[in-house]
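Okay, so here's the structure we're looking at.
The values are calculated or read from the model by the stated rules, or taken from the named source; none is laboratory data. Predicted model, so just to flag it, every value in this text is computed and none were measured. With ideal geometry, Cβ positions are generated from the backbone for all residues, glycine too; neighbour counts draw on all protein chains shown.
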Amino acid sequence: MGNVRPDFIKRISRELVEKYGHLFKKDFEHNKRVLARIAKIQSKRMRNWIAGYITTYLDVLETRAEMEKRKRIPY
């Protein structure tokens, strides 16, 4: 089973991806550095939590896009 994250982590992460999606990648360390530049997050734990969810969220978005692409291709 996966990690259960609070709604506020998911909401903040999604808002950041909508606004600054072009800056994020599927690399956790890179996302931590980007968050340090664009957001004032008070604690290290919160920053890591958000960066981890963004990393996972980008992977989910990519998987969904691939599934949609497969649905459109006739066999």
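The residue pairs whose first member lies in the range 59-71 and is under 21 Å from residue 24 (Cβ atoms), whose second member is not in a helix (DSSP H, G or I), and whose beta carbons are closer than 8 Å, counting only pairs six or more residues apart or on different chains, are 59/26; 62/26.
Determine whether the range 37-44 contains at least one residue that is among the small types (Gly, Ala, Ser), surrounded by 10 or more Cβ atoms within 10 Å (Cβ to Cβ) and touching a helix residue (DSSP H, G or I) at 6+ places or on another chain (Cβ under 6 Å). No, that holds for no residue.
If you check residue 50 against the conditions, is it outside any helix (DSSP H, G or I) and touching a helix residue (DSSP H, G or I) at 6+ places or on another chain (Cβ under 7 Å)? Considered against the rule, which asks whether it is outside any helix (DSSP H, G or I) and touching a helix residue (DSSP H, G or I) at 6+ places or on another chain (Cβ under 7 Å), residue 50 comes out as no. Residue 31 meets all of the listed conditions (1) touching a helix residue (DSSP H, G or I) at 6+ places or on another chain (Cβ under 6 Å); (2) modelled with pLDDT under 95; (3) polar (S, T, N, Q) but one, namely (2).
Among the residues of the range 27-47, those identified as β-branched (Val, Ile, Thr) and assigned to a helix (DSSP H, G or I) are 34, 38. Taking the options 4, 17, 60, name whichever one is within 10 Å of the chain's Cα centre (by Cα), among the β-branched types (Val, Ile, Thr) and surrounded by fewer than 16 Cβ atoms within 10 Å (Cβ to Cβ). After applying the criteria, what remains is 60.
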